[in-house]
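Working notes for the structure below.
The values are calculated or read from the model by the stated rules, or taken from the named source; none is laboratory data. In this text the structure is predicted, and so the values were computed from the model without any measurement. Please note: Cβ atoms are built from the backbone with ideal geometry, for glycine as well, and neighbour counts cover all protein chains shown.
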Amino acid sequence: MQVTLPAIAFGGSARAHAIPAAPDPWATWFRAVALGGAGRYAAAAAELGRLDVTGVDDVLRSFALSTRAAHRRQAGRHHHAVADDARALYLAAGKPRADPTPDVAERRTAALCDALTGLAADNLGRGMFGASGRLLDRVDQILETRGRGTDRDWLWGGRTELRSHWVRAELAMFTGDPAGAGRHAREAEAMTAACPSIRHVIKTDLIAAAAAATAGDVRQAGERASRVTDQAIEFGQLPLEWAAAKLLDGIGAGEQWSGRAQQLGARLKVQGAAMD
């Protein structure tokens, strides 16, 4: 059975499938997302660069910029990511060239949410917590207007809400609100019941592990982070494996985790991550 690029990028087929060539611009974005999930940042950047040109659909170009920003954030380069997310917001918030169909409008709304959530994460990483919170408030307004939990394509619907819960949880961690971090982590976990993307399920478990650590529950944090490590290895999600190793090292789960995190970070650098 042929495995499609969307199934690799946003489904349960992330592991061990050769990532096929992209026959069209939207497939190029799916390919870039899949490559980034595997930690192949240089290859992903090359694909995304093909989309950041005049003539590419504004919504698709916005998604590509948000994706490149996410890859930069994963390497700790929040100051670089903010420029991409700002451009993504500009494109997503622009006036469409023609009256959009419902599907096109739904994608534009998702692109807008992605850009705003990305900017919130960028500001979080730069210590601008108030700005981060206000951007997330704007995402909430859009989600409320669009409707939460409605029957729509997960990629354009539930995914955007899930990402906002991730960043809400992280904001709570950074601002000394372990209860808030735990609440948003649980809300994110509840959403994974209908989530087709194994990468997003694993990332949600990682967020919950970090929230547990923030609350002082080192045992739960260690159990969750260890599970994230196992799943990330199983499904070839190197960035999540590295992040889990960093968390396990941070909570003192064992001397081996420091070296493991360094080794994984070195692999990511070889594959194009510009680590700060």
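Being over 15 Å from S66 (Cβ atoms) and touching a helix residue (DSSP H, G or I) at 6+ places or on another chain (Cβ under 6 Å) narrows it down to one of A88, A115, A185, so name that one. After ruling out the rest, the residue left standing is A185.
Checking the structure you have, find out if any residue of the range 71-88 is of a type in the set (G, A, S) and either in contact with a strand residue (DSSP E or B) (Cβ under 7 Å, 6 or more places away or on another chain) or more than 22 Å from A44 (Cβ to Cβ) (or both).
The answer is no; no qualifying residue exists.
Of the candidates R168, R159, R138, the single residue that is closer than 25 Å to A83 by Cβ, surrounded by 21 or more Cβ atoms within 10 Å (Cβ to Cβ) and not hydrophobic (A, V, I, L, M, F, W, C) is R168.
Filtering the range 117-129 down to residues that are of a type in the set (A, V, I, L, M) and in contact with an Asp or Glu (Cβ under 8 Å, 6 or more places away or on another chain), which residue is surrounded by the most Cβ atoms within 10 Å (Cβ to Cβ)? Checked the range 117-129; the qualifying residue surrounded by the most Cβ atoms within 10 Å (Cβ to Cβ) is L119.
Among the numbered conditions (1) more than 26 Å from A45 (Cβ to Cβ); (2) touching a residue at least 40 places away in the same chain (Cβ under 8 Å); (3) not in a helix (DSSP H, G or I), the only one that E106 does not meet is (3). Would you confirm whether or not the range 214-224 contains a residue that is surrounded by fewer than 23 Cβ atoms within 10 Å (Cβ to Cβ), closer than 22 Å to R163 by Cα, at pLDDT below 95 and not small (G, A, S)? No - not one qualifying residue is present in the range 214-224.
Residues to consider are Y41, Y90; find the one that is aromatic (F, W, Y) and in contact (Cβ under 8 Å) with a residue 40 or more places away in the chain. Can you show your working first?
Numbers: Y90 fails: in contact (Cβ under 8 Å) with a residue 40 or more places away in the chain.
On inspection, the qualifying residue turns out to be Y41.
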